[in-house]
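The next block holds one structure in the form of C-alpha cells; read it before the comments.
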Amino acid sequence: EEELVALEACNEHSWESLAIPLEWIMDTLIVSCSVVNHLQHMKDSKNLRGAIQEIEARRKDFDLKLAQSKPLFDSFKALQEDPNFQNSSDAQKRTVESYMKKVIISGVHLEDGQKKLFNQYEKELVELTRKFSDNILDSIRKYGKLVTSVEEVEGLPATSLALAAKAAASEGYEVASPELGPWLFKIDKSSYFRVMKHLKNRKAREELYLAYRNKASTGEFNNTPVLTRILELRNLKAKLLGYKNYAEVISMLLKMATLDKANELLESLRSGAWDGALRELEALKALAASNGENYELMPWDLPYWMERLREARLDMSEEEFRPFFAFPHVLEGLFLLAKRLFSIEIDAADNLVATSIWHDDVRFFRVKDMDTKETLAYFYIDPYSRPLEKRGGAFVSSFVAKRSRALAPEGCDIRLPACIIVCNQTPPLGDNPSLMTFDELKTLFHEFGHALQHMLTTQEVIFVSGMQNVEQDAVELPSQFMENWCYDKDTLSSFAKHYKTGELLPESLFQKIKSSRTLRAIDMLNQVLLAAVDLKLHSNFEPNGLTTKIHEVYSELSLKTQIPPCMPGEQYLCSFSHISTGNYAAGYYGYKWAEVLSADVFNAFEEAMLKDEKAVKEVGMRFRNTILALGGGMAALDVFKAFRGREPSVDPLLRQYGLRK
C-alpha cells in the first residue's frame with residue numbers, strides 16, 4: 001500500500017518509473033498470498049482456510065485500489081501516447097496495452113457511486129468463489145460408499161480395490177484389505193473414473209454416478225445458490241461497465257476469439273462429431289445386448305461399456321497398460337522428449353528445497369540449456385492423489401517465480417522462473433511405484449506443457465512472462481500439444497517398459513493406443529456441451545429464474561449437444577469449478593480452440609518426422625523460440641503464425657478424432 005501511494009505520486013511517465021515499481025508490488029503480493037492458497041489446496045485445514053479468510057477482504061481492497069487508481073491510469077495513458085514509447089519492445093507495449101484493458105474492465109472510469117457498487121460486487125465474488133471451491137472439497141470428503149461384499153466389487157482391477165481398501169482403513173476400518181474389504185469408494189475424479197470403467201454392479205454405478213454428478217448440490221454444501229449469485233454479480237458488473245453481458249466484457253476483450261467465432265467453432269465441432277457419437281452409442285448398445293444386457297443405456301453405463309468396447313474392438317484394457325507406465329520411467333521419458341525437441345536437460349535438485357516442501361511425495365528439478373549448460377528454470381512436482389486433503393484435478397502454479405530482470409536477486413542478471421506441477425494420479429501401492437493409466441499419462445504430459453511455457457520464456461517482465469497475458473483461449477496450446485506425443489511410437493518406446501521385467505511396450509499394445517484415439521466423439525460432445533453452457537450462462541443469463549434456471553440451461557443444451565442427454569434434474573454445474581472460480585468463466589471453449597491450434601502445431605512435427613530427425617529438431621527449436629519463448633509478449637495469433645507461417649486450420653484436429661480423412 002505504501003509503495004502504491006509512492007507510485008501514484010510519481011510525475012515521470014517512463015517505463016522504468018512506472019512498470020518496474022508496479023512489477024515489484026504485484027510480485028510481492030502474488031507470491032505471499034499464493035503460498036497460503038497453494039498450501040490450502042495441497043494440505044487443506046481449518047487453520048489455512050481461516051488465514052485466507054482473514055486476509056481475503058484486505059487483499060481484495062488492495063487489488064481494487066490498484067486497478068482503479070486514476071493517477072496510475074493517467075500515467076500509463078501518458079506513457080502509451082508518448083511517441084517515443086512506440087519504439088519500445090513488443091513486450092513493453094503489450095504490457096501497457098494489457099494493463100489499460102484490465103483496469104478499464106476493473107472500473108477505473110466509474111463514478112464514485114457506481115465504483116462503490118462495483119467494488120461490493122467484487123468483494124462478494126471473492127467470498128463466493130472461495131466458498132464454491134470449499135463446498136466441492138467438503139462434499140467429496142463427506143461422501144463415501146462402503147462396500148463389504150466381494151460380489152459387489154466384481155470387475156474392479158486390483159489397483160482400484162487396493163485404493164478403496166486404503167480409503168476404508170483411513171476411515172477407521174483397520175482390517176480392510178484389497179482382497180476381502182471392506183472398500184470405501186470416494187467421488188474424487190481420479191477414484192471415480194477408475195471405478196466406473198470396471199464395476200459390473202450397475203446399481204452401484206448408478207449411485208456413484210448420481211453422487212459424482214450432483215456433488216455440492218444439496219444441504220450445507222449446496223452450490224446452486226452460490227453459482228447463481230456468482231453469475232448474477234458478473235452480469236451486474238457487466239451492466240455497470242456498459243456492456244451487454246459478462247462474456248462481452250472480460251472474455252472476448254482478453255481472448256483470441258469473438259463470441260460469434262467461439263460459437264461458430266463449437267457448432268462446427270458439434271456437427272462434426274454428432275454422427276460419430278451416434279455410431280459409438282449404437283456400438284455400445286449392440287455390445288451390451290450381445291452380453292445379455294438389454295436395458296436402455298444410461299449415463300452411468302457409458303464409461304463401463306466404452307471400456308468394454310475398447311477391449312472388444314481394440315482388444316485393449318486400460319489396466320493392461322499400467323505395468324508399462326511406471327511413474328519414474330514416464331518422468332525419465334518425458335525429460336528425454338524435452339531434450340530431443342527443445343534442447344534442454346532436466347536434473348533432480350531435491351537437495352535445494354529439502355526444508356521447503358509440503359509433502360514427502362514432492363520432487364524438485366532444475367532445467368538447463370543442453371548446449372550452454374546454463375540453468376533456465378526450476379520446478380516442483382506433486383504427482384499423487386490425496387483425496388482427504390488435496391484439491392482434485394491437475395494444474396500448474398506459476399506464482400513461485402516468474403522470469404524477471406527487474407526482480408533479479410543481488411548479483412544476478414535475471415530472476416529465473418520456477419513453478420509447481422500438480423497431478424492427482426494413482427499413488428504407489430505397497431512396494432510398487434505409481435503405475436499410471438494412459439489418461440494419467442496424458443495429464444502429466446499436458447501439465448508439463450504448461451510448465452514448459454512458464455520455464456522457457458525469454459520475456460523479462462512478469463506481466464508477459466510465460467503464461468502471463470497469453471490470451472485465455474490460447475493458453476492451452478502448449479499443454480494440449482504435449483499430449484500428442486503420448487501417441488508417438490518413438491516417445492513411448494523411450495519409457496514404456498514393464499516395471500518388473502523391463503519388457504518394452506509390445507507393438508500390439510502401441511497399435512491399440514493409436515487406434516483408441518478415434519473412439520472420442522461422445523467425449524468431444526461432452527466438452528462442447530460444457531463450453532456451450534458456459535458461454536450461454538455468461539452471455540444470456542438473467543437473474544429472474546434464480547436457483548433452477550442454471551440447471552435448466554444445462555439440460556436444454558444437453559438435449560441437442562450430448563449423446564445421451566443428461567439425467568433430468570442433474571446438477572453437475574454445482575461442481576464445475578472451471579467457470580465458477582473465474583479462470584475459465586466465458587472461456588471454457590478455449591480448451592477446444594486451443595486443441596485446434598495444438599493439433600495444427602503437432603501437424604508441423606508430423607510433417608518433419610516424414611523427413612528426418614534434423615527436421616524435427618529444427619521444428620522443435622522453432623516451437624521453443626516462438627510459442628514457448630514469446631509468451632504473452634506478442635498477440636497469440638501472431639505467435640502462432642510466426643511458428644506455422646499461416647493462420648490455424650481445424651482439419652488436423654478433425655483428422656485426429658477420425659472425423660475427417
| message | Condition first: farther than 23 Å from M567 by Cβ, open to solvent by 80 Å² or more (accessible area, probe 1.4 Å) and not assigned by the TED database to the domain that holds S385. Can you find one or more residues in segment 176-189 that meet it? | response | yes
| request: Show the residue pairs that are 6+ apart or on different chains and have beta-carbon atoms under 6 Å apart, the first residue being within segment 363-386 and in the same structural domain as R403 (by the TED database) and closer than 20 Å to H38 by Cα, the second being surrounded by 15 or more Cβ atoms within 10 Å (Cβ to Cβ) and among the basic types (K, R). | output: Y378/R366; I381/R363
| request: Determine, yes or no, whether D431 is open to solvent by 10 Å² or more (accessible area, probe 1.4 Å) and in a helix (DSSP H, G or I). | output: no
| message | Quick check on this structure: which one of D612, D600 is open to solvent by less than 10 Å² (accessible area, probe 1.4 Å) and among the acidic types (D, E)? | response | D600
| request: Have a look at A164, A204 and point out the one that is surrounded by 15 or more Cβ atoms within 10 Å (Cβ to Cβ), touching a Phe, Trp or Tyr at 6+ places or on another chain (Cβ under 7 Å) and either modelled with pLDDT of 95 or more or farther than 15 Å from W300 by Cα (or both). | output: A164
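Go through segment 305-349 residue by residue and tally those that are outside any helix (DSSP H, G or I) and closer than 16 Å to Y499 by Cβ.
Residues flagged as outside any helix (DSSP H, G or I) and closer than 16 Å to Y499 by Cβ within segment 305-349 amount to 2.
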| remark: In the set R403, R391, R415, the lone residue that is among the basic types (K, R), without any contact (Cβ under 8 Å) to a residue 60 or more places away in the chain and either surrounded by 19 or more Cβ atoms within 10 Å (Cβ to Cβ) or closer than 20 Å to A496 by Cβ (or both) is R415
| task | Run down G292, G272 and say which single residue is farther than 30 Å from L125 by Cβ and in contact (Cβ under 8 Å) with a residue 60 or more places away in the chain. | result | G272
| Given (1) among the acidic types (D, E); (2) open to solvent by less than 70 Å² (accessible area, probe 1.4 Å); (3) part of a loop (DSSP other than H, G, I, E, B), index of the condition E647 fails | (2)
| request: Go through (1) open to solvent by less than 40 Å² (accessible area, probe 1.4 Å); (2) farther than 30 Å from K239 by Cα; (3) in contact (Cβ under 8 Å) with a residue 12 or more places away in the chain; (4) acidic (D, E) one by one and return the number of the condition E483 breaks. | output: (1)
| said: Q562 - would you say it is surrounded by fewer than 20 Cβ atoms within 10 Å (Cβ to Cβ) and without any contact (Cβ under 8 Å) to a residue 60 or more places away in the chain? | reply: no
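A quick yes/no check of all residues on (1) open to solvent by 30 Å² or more (accessible area, probe 1.4 Å); (2) under 23 Å from the mean Cα position of the chain (by Cα); (3) at positive phi:
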| site | (1), (2), (3) |
| --- | --- |
| E220 | yes, no, no |
| N235 | no, no, no |
| L241 | yes, no, no |
| Y246 | no, yes, no |
| V249 | no, yes, no |
| L254 | yes, yes, no |
| message | Within segment 247-262, take every residue that is touching a Phe, Trp or Tyr at 6+ places or on another chain (Cβ under 8 Å) and assigned to a helix (DSSP H, G or I) and give me the one that is modelled with the lowest pLDDT. | response | V249
| message | Suppose the filter is free of Cβ contacts under 8 Å to residues at least 60 places away in the same chain, among the aromatic types (F, W, Y) and out of contact with any Ser or Thr (no Cβ under 7 Å at 6 or more places or on another chain); does F495 pass it? | response | no
| said: Out of the helices (runs of 4 or more DSSP H) lying entirely within segment 487-597, which hold 3 or more residues that are aromatic (F, W, Y)? | reply: none
| Members of segment 605-644 that are outside any helix (DSSP H, G or I) and within 17 Å of F342 (Cα to Cα) | D612
| query | When only residues in segment 138-161 that are open to solvent by 40 Å² or more (accessible area, probe 1.4 Å) and of a type in the set (A, V, I, L, M, F, W, C) count, which is nearest to P387 (Cα to Cα)? | reply | L146
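Would you please name the residue that is nearest to F342 (Cα to Cα), looking only at residues in segment 359-376 that are assigned to a loop (DSSP other than H, G, I, E, B) and not charged (D, E, K, R)?
M370
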| query | For L210, which of the numbered conditions (1) more than 20 Å from N540 (Cα to Cα); (2) in contact (Cβ under 8 Å) with a residue 40 or more places away in the chain; (3) crowded, with 20+ Cβ neighbours inside 10 Å fails to hold? | reply | (3)
| field | Condition check for V126: in contact (Cβ under 8 Å) with a residue 12 or more places away in the chain, open to solvent by less than 70 Å² (accessible area, probe 1.4 Å) and closer than 15 Å to L233 by Cα | value | yes
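The values are calculated or read from the model by the stated rules, or taken from the named source; none is laboratory data. None of these values were measured; they are calculated from a predicted model. Methodologically, a virtual Cβ is constructed for each residue, glycine included, from the backbone with ideal geometry; neighbour enumeration extends over all protein chains shown. These accessible areas exclude ligands, DNA and RNA; they are computed on the full protein's heavy atoms, side chains included. Shrake-Rupley method; radii C 1.70, N 1.55, O 1.52, S 1.80 Å.
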